[in-house]
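Working notes, beginning with the structure itself.
The values are calculated or read from the model by the stated rules, or taken from the named source; none is laboratory data. All values derive from a computational prediction rather than experimental measurement. Cβ: placed from backbone, ideal geometry, glycine included. Neighbour counts: every protein chain shown.
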């Protein structure tokens, strides 16, 4: 009906990208507000069924993480790298080693270099908030382990 009336129809299939029109929302980002909208859209469309309010902490951490990465891509990446492939590559490079707290993955080093260049950079601020949240998670895990041992002895 729309097509017959002259509308240009585009399909964004987030389940099967091979059936998608390859829409690139990064091409339409113009501000930090747009970055936040894109992150909110990603979160809303990848949320599992039946998630509880108790998981809100994790969702907030995920939002900070995506905002930092997309902010980096928006401000720092060359035009040809402003896309979901770059975002996925960055996520893949974000290795965490639970047995080595001093380990810095390539993304940590990327943001460390950016912070040296511009400490007030939007993406740096978001990444620091995300890392702070990760520290809280580690603290909770450590305390849980400690108190579990005390309570079971």
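What the table below lists for this structure:
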{"quantity": "Residues (at pLDDT 90 or above, exposed (fewer than 13 other Cβ atoms within 10 Å of the Cβ) and outside any helix (DSSP H, G or I)) located in the stretch 40-92", "calculated": "78"}
{"quantity": "Test result for residue 137, under 13 Å from residue 65 (Cβ atoms) and modelled with pLDDT under 70", "calculated": "yes"}
{"quantity": "Filter result (surrounded by 16 or more Cβ atoms within 10 Å (Cβ to Cβ) and either farther than 17 Å from residue 66 by Cβ or modelled with pLDDT under 95 (or both)) within the stretch 102-130", "calculated": "115, 129, 130"}
